[in-house]
1. May I ask you to list the residues in the range B:43-76 that are within 21 Å of residue B:14 (Cβ to Cβ) and within 14 Å of another protein chain (Cβ to nearest Cβ)?
2. Quick test of your reading of the structure: residue A:229 fulfils all but one of (1) crowded, with 19+ Cβ neighbours inside 10 Å; (2) out of contact with any Ser or Thr (no Cβ under 6 Å at 6 or more places or on another chain). Name the failing condition by number.
3. Of the residues A:154, A:147, which single one is in contact with a strand residue (DSSP E or B) (Cβ under 6 Å, 6 or more places away or on another chain) and within 27 Å of residue A:178 (Cβ to Cβ)?
4. Report, by residue number, each residue of the range B:92-116 that is under 10 Å from the mean Cα position of the chain (by Cα) and more than 10 Å from chain A (Cβ to nearest Cβ).
5. For residues that are touching a residue at least 24 places away in the same chain (Cβ under 8 Å) and in a loop (DSSP other than H, G, I, E, B), scanning just the range A:196-221, find the one that is surrounded by the fewest Cβ atoms within 10 Å (Cβ to Cβ).
6. Looking at the range A:1-15, which of its residues are assigned to a strand (DSSP E or B) and touching a Leu at 6+ places or on another chain (Cβ under 9 Å)?
7. Any idea which residue in the range B:11-42 is surrounded by the most Cβ atoms within 10 Å (Cβ to Cβ), counting only those that are among the aromatic types (Phe, Trp, Tyr) and more than 12 Å from every other protein chain (Cβ to nearest Cβ)?
Amino acid sequence: MSISVVSYGVYLPFLRLRREEYVNALGSCSADIKEKTVMDVDEDTMTMAVEAARKAVAGLDLERVGVLTLASTSYPYQEKVMAGTIVEALGLRKNILTGHHGSSTLAGTEAFLSAAGLLVGSGEKYALVIVSDAPVAGASAEMEHSFGAAACAFVLAADEQGLELEGFYSCVTESLGLRFRPAGEKEVRDIGVRTYSNQAYNETVGAAVKGLLNKLGQKPAGYRHVILHQNDVRTTVALAKKLGFGDEQIQEGLVYGQVGDTGACSSLLGLCRVLEKTVPGDKILVGSYGAGGASQALSFKLNCRLPGRSESFQVLLEDKKYISYTHYLKLKRSI
Amino acid sequence: MGAHISIPMYQRAVPQRYRLVGQRCLKCGKVNFPPKAVCKYCNAGFEFEEVTLSGRGTVYSYTIIAGGGAPPEFAEQAHCQGSYPVVVVELEEGPRVIAQLVDPPPAGITIGMPVRAVFRKIYEEEGVIRYGFKFRPA
């Protein structure tokens, strides 16, 4: 049985915070972003999830969606079946298999792969995967400067033409002190040693990508695009180059500079962006990452063009309103 | 003083609040939203078929709620935004509904402006998030 993405949707919040706002307020910005997306006072990861999913399922026979998986590091509730909100908001059928993924930014590809697995196991036709994230850290934490918000959703189909999942490979290791949140706390932290966190990222993501290429007998040159998890652009680009990919394969999938670190969304949001620039026959490699730590590398091949969307990624990036750092702190409930 | 809506009462209206489920009167054909026991248009029909509204419509009227005028459940929003617009939207299926407008255009709201429904947090009470629809310029 083949599993393919047959449609997708992206949601970016309307509000943006420019890098200069940090520089003006704090004297510096530790993130190499141009700007980042910010949720409004009445948004959370579930409202973003619904908006992205509505775009992904437009025109689909909802009665045939038998699997729903969600991913976020920052659900609005720590305990509650979040899929219930989605089922009601979209009008999905109630006999639906669900999976909730969280606890790290690996959750995005975890939800994607578990939806693929549930689809194969259940014999259902369509699965909906929704990845919606908005990581949170304290206003005084340096890692907070990059934290953005976004959602993307994918409809997976069994035995249908589209963006076919060709294979995947995982690497899981124990790495301590990198982007963690003790039980009961709202804000993530890390020990703040960048060389140490970069080393873990490089080793884990590198191992997953190399493992996938080996498993499939592929070379980096066989891919049109590569999208790796984006904590910061420099590290991501350096690793992709070290793995043998060139600038033209890397650039299209970099979304960090305009949306920030979108946690579990990161690499899958990049996938949504490159899909607009992909033609049948192209291969795409996605490498996710979750600190603590693990990476999943996924290989895709586009078999046929996906249905056009009403708004291009570029239109979403340009549909925005800039806010001040003070307003941002209000939205964060810091003041 | 705010109009307290109990959780069970909110729960009953979830399909209409989350995805605009209304009802078409089998007698006169008009669409009722929110759903009624008897059709508000012909005052006679009491059998209906369920219809999910498109969420598309136009601004029929609007007002701006200033910070001090916000009901308590919207106090946090008013604190954050200063003021916020509330619109009466005429949906393309006919019904007029009242809701907030998000991301208003910088040039201001105009009567007849096309809008579409979006899914947002309306307010939070007793630790329970009340989701529902608002409108956004289309």
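1. B:50, B:51, B:52, B:53, B:54, B:55, B:73, B:74
2. So residue A:229 meets the others, but not (2).
3. Only one candidate qualifies: A:147.
4. Answer for the range B:92-116, where residues must be under 10 Å from the mean Cα position of the chain (by Cα) and more than 10 Å from chain A (Cβ to nearest Cβ): B:96, B:97, B:98, B:99, B:101.
5. Looking at the filtered set, the residue picked out is A:219.
6. First, the residues of the range A:1-15 that are assigned to a strand (DSSP E or B): A:3-11, A:15.
Across the range A:1-15, the qualifying residues are A:3, A:4, A:5, A:6, A:7, A:8, A:10, A:11, A:15.
7. Taking the range B:11-42 first, the residues among the aromatic types (Phe, Trp, Tyr) are B:18, B:33, B:41.
Imposing the further condition that a residue be more than 12 Å from every other protein chain (Cβ to nearest Cβ) reduces the set to B:33, B:41.
Working: B:33: 19, B:41: 17.
Step by step, filter the range B:11-42, then rank; the result is B:33.
Conditions tested, residue by residue: (1) in the same structural domain as residue A:26 (by TED's automatic domain parsing); (2) within 27 Å of residue A:50 (Cβ to Cβ).
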site	(1), (2)
A:141	yes, no
A:144	yes, yes
A:156	yes, yes
A:204	no, no
A:217	no, no
A:225	no, no
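The values are calculated or read from the model by the stated rules, or taken from the named source; none is laboratory data. This is a predicted model, so every value here is computed, not measured. Counting neighbours? That spans all protein chains shown, and the Cβs are built from the backbone with ideal geometry, glycine included.
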